[in-house]
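Written out below as structure tokens is the structure these notes cover.
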Amino acid sequence: MNLLRGCPRDLLLRGGRRTTAMAHARTTGSLPVANVQALAETCNDPDQQIPERYIRADASADEVISGGDCTAAIPTIDLSKLLDPLSSDEETEKLGSACQQWGFFQLINHGVPEDVIGDVRRDIAEFFRLPLETKKTYSQLPNSIDGYGQAFVVSEEQKLDWADMFYLVLRPGESRNMTLWPAQPPSFRNSIDRYSSETARVARCLFEFMAKDMGVRPESLLERFQDQPQGIRMNYYPPCREAGKVVGLSPHTDAAGLTLLLQVNDVPGLQIRSPGGRWLAVSAPPDGAFVVNVGDIFEIMSNGKYRSVEHRAVVRPDRERVSAAVFHRPFQDTVVGPLPELVGEGGGSAASPIDGCSYPQSVRVGALEVDIVIYGTPRICDMDMLCTSQIDEIANCLRRLPSAQWEEQARETKLTMSLQVPNVQELARSCNRPGQQIPDRYIRPEAGTDEVISGQDINTAIPVIDLAKLLNPQSSQEECAKLGSACQHWGFFQLVNHGVPDDVISDVRRDLTEFFRLPLEAKEAYAKPPDKYEGYGQHFVVSEKQKLDWGDLLHLRLRPTESRDLRFWPAHPSSFRNSMERYSSEMAKVARCLLEFLAMDMGVDPESLLEVFRGQPQSMRVNYYPPCRQTSKVLGLSPHCDATSLTLLLHVNDVQGLQIRKDGKWLTVEALDGAFVVNLGDMLEILSNGRYMSVEHRAMVHPEKERISAAVFHQACRDAMVGPLPELVTKDGGRPVYKSMAYEDFMKRFFSAKLDGRANVEGMKI
């Protein structure tokens, strides 16, 4: 969506001596106009005329050249070559040249699964085939760009485009207006959600290589696209028997950072303004390829190195054309201007001074508007992150401090996350042989001495919550009361009928199992460095004398997607990354739903709770517990509480081993197949002011069989305060039970100590 449309490009990009600047972009959506698909059905009759408002003198006046000629065709970039160390430098240079000279390129071998593209094509095409009255159910609201209709209609006299469009906000997930997401076809929402995740991954990858080409730190670019805000515009261009008189989409540039266009059917129609000023017809791309273009914001950020190029859409006389453009924008409060590293190269900016000001101008981009043009004080995208919720990000920020200050802060934050220890999977191969002993550091006297009770009895089994009943108005209140009771008295429950597709669960189970079957050398390619918590290894080893757990783990950041360090995401099995992406999206939806019902149970405004988890930060810890023939002497995972808010645990195989502390005894949890075992973390106990319980738990190992589980942790946003919700403190007579603390400090406490029961949350009590 071109949010800057109608704003002079020389004001935004190259200045000029103008006396007034745009203070606010129009946010009143678009005036309602006739549906073009329905209009075309009548206007294409031989005796009918095209309405005057659609007649465009410029439609056929300009010269058009064909892109079939190799000298005129836009460049093609191969993402697999960008990712291949042997060809990456050469392909990155091609990418940079395409962005500088053309502003457009075709992207092939991008890794988006064929079924994802096939599904989204099918469902978009089916939506536009629905009866007009059905489509109008999703019409644009007066003050929104979301919905079905047209955009950029600002007056009754304005010439109109020969097209209908359907716009949806995709990311962040909480910004979606689901009332505008069609229920028909039934698979539409799932198809678009999967497509959103895949295109976000591709865009992030392109941003990293563009940063490399420009010679800037990837983080300085990626942090401006934090949470990867994303929208999709689905374009429907009906045929017009007088195609030479109409324009499908008026000439424009995109305001976004990067646009990925997919041809939904095989009818071409995109034209771009060539360097010589003529229109270049873009040939239909190879099936499944994306046409990618640089937007205004990226031209500004690149300080003019890259080009945002004018383009338009034309229509066919005999066939409809359908396309889908996904726009990737900076996050809501970003100040958009030249990247400081690029301005520093020559000391100046491509943006000319305005009103005698010698500073580069910047544009603040809100969710649906361009907010302000800044001039006077040099505020050039000063978006360097402060300390964040994750320790390695804290380390990166601290390293930017002067050396003396860095050394002092490094000592305070204990940046060595975990000492390196032997691989337990390999150790088990030798220790399980007759005559071999388990190393003393793994012997845990408490493993076989504490009383354990079975969770199979109905009186001792953890509660089961049915998400389908929570969502059903007839049973929601009763099930919500059950949920609240489970959180108050158990801190754990099993979640059934959660709506996560069976294939998503089976794919993630398969790929996690295959990863741990890889040779040790292959797994160690993803080893966790000492100062990071991501990667393959162990956590919470803080001294050489500490007792160790009988398990290995793989820890990955999942959300926001720009926080992922793909160095730690296994390339084998080949489907691993796609499986994790889909699973992450499904987990985020389930967690958000549960948080809304927890807010309902506590009697607080859901927004006040959801705001703490803005952007839905999320990570995954995959646990591998090898068998141990002396199982009563070891622990798979030491007793602890989770620091985060909600944990969703999936049993990857059918071996049980989770135990929770209940009334001073250990209770064995018998997980239901396909269900999630959900537990509340320290953070949610604190936010609830003690209403809910963060319960101690541990993992045991099996004497003969390996056990694999996957825990997805849902965390607070990086700038959140962890403390009792004000509404609950008021209900409790103004008495908070817990201290409040910045989230990054809260997580720093957790990661810098060994696992020790409820020590973390108890230390927060007043």
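The values are calculated or read from the model by the stated rules, or taken from the named source; none is laboratory data. Keep in mind it's a predicted model, so treat the numbers as computed, not measured. Every residue, glycine among them, receives a Cβ derived from its backbone with ideal geometry; neighbour counts consider all protein chains shown. Accessible surface is based on the protein model in full, side chains and every heavy atom, while ligands, DNA and RNA are left aside. Shrake-Rupley method; radii C 1.70, N 1.55, O 1.52, S 1.80 Å.
What the table below lists for this structure:
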quantity: Pick from segment 39-49, criterion under 44 Å from the mean Cα position of the chain (by Cα) and open to solvent by 40 Å² or more (accessible area, probe 1.4 Å), ranking: nearest to Gln140 (Cα to Cα); calculated: Glu41
quantity: Residues located in segment 625-639, provided they are small (Gly, Ala, Ser) and open to solvent by less than 20 Å² (accessible area, probe 1.4 Å); calculated: Gly636, Ser638
quantity: Single residue of segment 692-707 satisfying the filter (in contact with a helix residue (DSSP H, G or I) (Cβ under 6 Å, 6 or more places away or on another chain) and not aliphatic (A, V, I, L, M)) that is most open to solvent (accessible area, probe 1.4 Å); calculated: Pro703
quantity: Test for Ser191: is it more than 18 Å from Ile300 (Cα to Cα) and surrounded by fewer than 19 Cβ atoms within 10 Å (Cβ to Cβ); calculated: no
quantity: Any chance Thr137 is among the polar types (S, T, N, Q), over 22 Å from Arg321 (Cα atoms) and within 25 Å of the chain's Cα centre (by Cα); calculated: no
quantity: Options Val309, Val315: the member that is at pLDDT 90 or above and in contact with a Ser or Thr (Cβ under 9 Å, 6 or more places away or on another chain); calculated: Val309
quantity: Residue pairs meeting the criteria (Cβ under 8 Å; at least 6 apart or on separate chains; first in the same structural domain as Ser197 (by the TED database) and in contact (Cβ under 8 Å) with a residue 60 or more places away in the chain, in segment 571-586; second assigned to a loop (DSSP other than H, G, I, E, B) and not hydrophobic (A, V, I, L, M, F, W, C)); calculated: none
quantity: Residue in segment 653-662 that is in contact (Cβ under 8 Å) with a residue 60 or more places away in the chain, assigned to a loop (DSSP other than H, G, I, E, B) and in the same structural domain as Glu706 (by the TED database) present; calculated: yes
quantity: Selection status of Leu650, surrounded by 24 or more Cβ atoms within 10 Å (Cβ to Cβ), hydrophobic (A, V, I, L, M, F, W, C) and either modelled with pLDDT of 95 or more or not assigned by the TED database to the domain that holds Cys480 (or both); calculated: no
quantity: Single condition Asp440 does not satisfy, out of (1) open to solvent by 80 Å² or more (accessible area, probe 1.4 Å); (2) assigned by the TED database to the domain that holds Phe676; calculated: (2)
quantity: Every residue from segment 231-255 that is under 23 Å from Thr199 (Cα atoms) and in contact with a helix residue (DSSP H, G or I) (Cβ under 6 Å, 6 or more places away or on another chain); calculated: Met234, Tyr236, Thr253, Ala255
quantity: Boolean, Ser709 is of a type outside the set (Lys, Arg) and closer than 19 Å to Gln488 by Cβ; calculated: no
quantity: Flag if Asp642 is surrounded by fewer than 22 Cβ atoms within 10 Å (Cβ to Cβ) and at pLDDT below 95; calculated: no
quantity: Positions within segment 489-499 being buried (at least 16 other Cβ atoms within 10 Å of the Cβ) and under 17 Å from Ile660 (Cβ atoms), in sequence order; calculated: Trp490, Gly491, Phe492, Phe493, Gln494, Leu495
quantity: Total residues in segment 82-127, condition farther than 23 Å from Glu208 by Cα and either open to solvent by less than 60 Å² (accessible area, probe 1.4 Å) or without any contact (Cβ under 8 Å) to a residue 40 or more places away in the chain (or both); calculated: 11
quantity: Residue check, Gly603 open to solvent by less than 40 Å² (accessible area, probe 1.4 Å) and farther than 24 Å from Leu518 by Cα; calculated: no
quantity: Filter pass, Val622 being in contact (Cβ under 8 Å) with a residue 40 or more places away in the chain, open to solvent by 10 Å² or more (accessible area, probe 1.4 Å) and touching a helix residue (DSSP H, G or I) at 6+ places or on another chain (Cβ under 8 Å); calculated: no
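Residue by residue, here is whether (1) more than 20 Å from Gly269 (Cα to Cα); (2) surrounded by fewer than 23 Cβ atoms within 10 Å (Cβ to Cβ); (3) without any contact (Cβ under 8 Å) to a residue 24 or more places away in the chain holds:
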{"residue": "Gly147", "(1), (2), (3)": "yes, yes, no"}
{"residue": "Ala151", "(1), (2), (3)": "no, yes, no"}
{"residue": "Phe166", "(1), (2), (3)": "no, no, no"}
{"residue": "Met178", "(1), (2), (3)": "yes, yes, yes"}
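For every residue, the table says whether it meets (1) in a helix (DSSP H, G or I); (2) open to solvent by less than 20 Å² (accessible area, probe 1.4 Å); (3) of a type outside the set (Asp, Glu).
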{"residue": "Ala461", "(1), (2), (3)": "no, no, yes"}
{"residue": "Lys482", "(1), (2), (3)": "yes, no, yes"}
{"residue": "Ser506", "(1), (2), (3)": "yes, no, yes"}
{"residue": "Phe516", "(1), (2), (3)": "yes, yes, yes"}
{"residue": "Lys532", "(1), (2), (3)": "no, no, yes"}
